[in-house]
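Here the structure comes first, spelled out in structure tokens, and everything after it is commentary.
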Amino acid sequence: MAALMRTKVELFYDVVSPYSWFGFEALCRYRPHWKMDLILRPVFLGGIMKEAGNRPPMMVPSKGLYMQKDLLRNAAYFGIPLKLIEDPFHVMIEKGSLRAQRFITAVAHERPEYIEGVSRELWKRIWSTGEDIVETESLHIAAKAANMEDSDILKCLKLMNDSNIKQALIKSTEDAIEYGAFGAPTVIVHSKDQPEMFFGSDRFPLIAQMLNEEWKGPLPDPIKN
Amino acid sequence: MASSPRIKVEFFYDVVSPYTWLAFEVLCRYQSHWKMDLVLRPFYLGGLMNATGNRPPMMVPKKGLYMHKDLLRNAAYFGVPLKAIEDPFNVMIEKGTLRAQRFLTVVAHEHPEHLEGVSRELWRRIWSLGEDIVEDESLHLAAKATNMEDADIQKCLNMMNDSTIKLSLKKTTEDAVEYGAFGAPTIVLHLNGRSEMFFGSDRFPLMAEMMNEKWKGPFPDMIKSSL
């Protein structure tokens, strides 16, 4: 009897986005629980927002204030060590994350087995320890923390400025836009006849339903043999 | 031994908002499951948006397209018979819901025991049957569907334009602004002398945790049989 095929699930994310971190960790945790092929797709959120005519939520002052509480509540719920950024406008808008996303794209090309770890380390820097993620040294430290070899790290740091890597990030961003994305995280579930787009880290019960799986909350039980 | 007090939960809502209908039904269902005092507070979402500089999500075209799918998925998940509005701009923005919210404010004052029912009927009209909710006759039909007496309905309709009612709706909206609201639904939990504001119909697991209650999904009354 043929086993059921794994459903392809694409996660479009940018480490500048804290809610994307929640979605990322939840999906990574569910890899052994759900019959899915999780494909991590770093994008440039700024490009998605611009194309959609969207604005970051914190541009509405009371939304920004609420988000601070909402982020901390969700961080506790998801068991993620997120801390609020001291100067969010400077870190998220002025500095941004383009170089970080380019670096992750280079890692995706050269050493795809490290994309999860490097993404996580970059999230930890910007959204937990309040450290830089755009300087070359910052990217090096993050990759090292993910146990990448020095030589591979240097190769990726060099590659990130190549036009084909820049193009790859643009293409990934355009793919998200074509699916109808207007923000991050954007999750595409390739089940049934057509790809189904979900936005945010608060649709997992619905995503589970679409996968014919069960959502057991943000901390699913370890697989029992 | 004294039992713990019921937690006051204020629910700020406007029937123009579909996500709010979903949250409304959930909280009504959980009244018998959670130790809470659910206080329904009809407000004017349009006024709130103006005061906070927020815009309806459908003003971003891609958000509007996504919302269409998201609403139907959520409606199925929450078991609420929501259907897409054919001309949302006309119904939600041009016609709006100010009169409906004023009517609900009167019902809250005069016949609070019917507030839940009338709110539900108005949601059903706008977001399930695609019917009007701003004409007097529409409001009358909605109230009648909850078994309100004709005389009481007429009294409420007459009171809608009183300045006390207009002010009351304004005050409720201002209360929401003071809690930091920027949209609907806005749900305020009152715990240990502090207020905790939540936005949306997708934060119930977090609210349950905060209230030391259990989130059993959208149908708490359904008994799951163990395999």
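Details
- A:Lys166 accessible area, assembled protein chains, probe 1.4 Å, Å²: 70
- Here the accessible area of the stretch B:7-211 is 52 percent carbon and sulfur, with a 1.4 angstrom probe and all protein chains present.
- Here, chain A has an Rg and a Dmax of 17.2, 57 Å when only alpha carbons are counted.
- Straightening the chain between B:Glu178 and B:Val134 buys 13.1 nm, computed as 0.36 nm per residue apart minus the Cα-Cα spacing.
- The separation of the stretch B:1-80 from the stretch A:185-225, counted between C-alpha centres, amounts to 23 Å.
- Shape call, the stretch B:119-227: gyration tensor on alpha carbons, a/c limit 1.5: oblate
- Note on A:Glu110/A:Lys83: beta-carbon distance plugged into 1/(1 + (r/R0)^6) with R0 of 41 Å gives a FRET efficiency of 0.85.
- The stretch A:74-109 and the stretch B:132-180: distance between their alpha carbon centers, rounded to Å: 46
- Relative contact order %, chain B, counting alpha carbon pairs below 8 Å whose residues are six or more apart: 30
- A:Asp150 accessible area, 1.4 Å probe, all protein chains in place, Å² to nearest 10: 70
- Accessible area buried by the pairing of A and B, both sides summed with a 1.4 Å probe, works out to roughly 2500 Å².
- Seen from every direction in turn and averaged, the convex hull around the alpha carbons of the protein assembly as shown projects onto 26.0 nm².
- A:Lys155-A:Lys50 FRET efficiency (beta carbon distance; Förster radius 41 Å; 0.05 resolution): 0.85
- Geometric extent, Cα atoms of the stretch A:72-172 - Rg, Dmax (angstrom): 13.8, 40
- Rounded FRET efficiency, nearest 0.05, which uses the C-beta distance separating A:Asn164 from A:Leu219 and R0 of 45 Å: 0.70
- Largest-first ordering by accessible area, 1.4 Å probe, given options B:Tyr44, A:Tyr66, A:Tyr19: B:Tyr44, A:Tyr19, A:Tyr66
- Rel. contact order, % - alpha carbon contacts under 8 angstrom, at least six apart, chain A: 30
- Accessible solvent surface per residue of chain B, calculated while the other protein chains remain in place, 1.4 angstrom probe, Å²: 48
- Cross-link pairs beyond the 21 Å C-alpha cut-off, checked among A:Lys63/B:Lys95; A:Lys192/B:Lys83; A:Lys95/A:Lys166; A:Lys83/A:Lys155; A:Lys124/A:Lys144: A:Lys63/B:Lys95; A:Lys192/B:Lys83; A:Lys83/A:Lys155
- Three-way shape label, the stretch A:1-107, alpha-carbon gyration tensor, a/c 1.5: prolate
- Of the GluC sites (Glu not before Pro) found in the stretch B:79-176, those in coil by DSSP whose Cβ has at most 10 other Cβ atoms within 10 Å are B:Glu86.
- Take B:Asp136: with every protein chain present and a 1.4 Å probe, its accessible area is about 70 Å².
- A viscosity of 1.306 mPa s and a temperature of 10 °C, combined with the Kirkwood radius over Cα pairs in Stokes-Einstein, give a translational diffusion coefficient for the stretch B:7-211 of 92 µm²/s.
- Across the stretch A:111-167, the relative contact order, built from alpha-carbon pairs under 8 Å that are at least six residues apart, equals 30 percent.
The values are calculated or read from the model by the stated rules, or taken from the named source; none is laboratory data. All figures in this text were calculated on a predicted structure; none of them were measured in a lab. Note: ideal-geometry Cβ built from the backbone for every residue, glycine included; neighbour counts use all protein chains shown. Side chains are part of the model used for accessible areas, which takes the heavy atoms of the whole protein and leaves out ligands, DNA and RNA. Shrake-Rupley method; radii C 1.70, N 1.55, O 1.52, S 1.80 Å.
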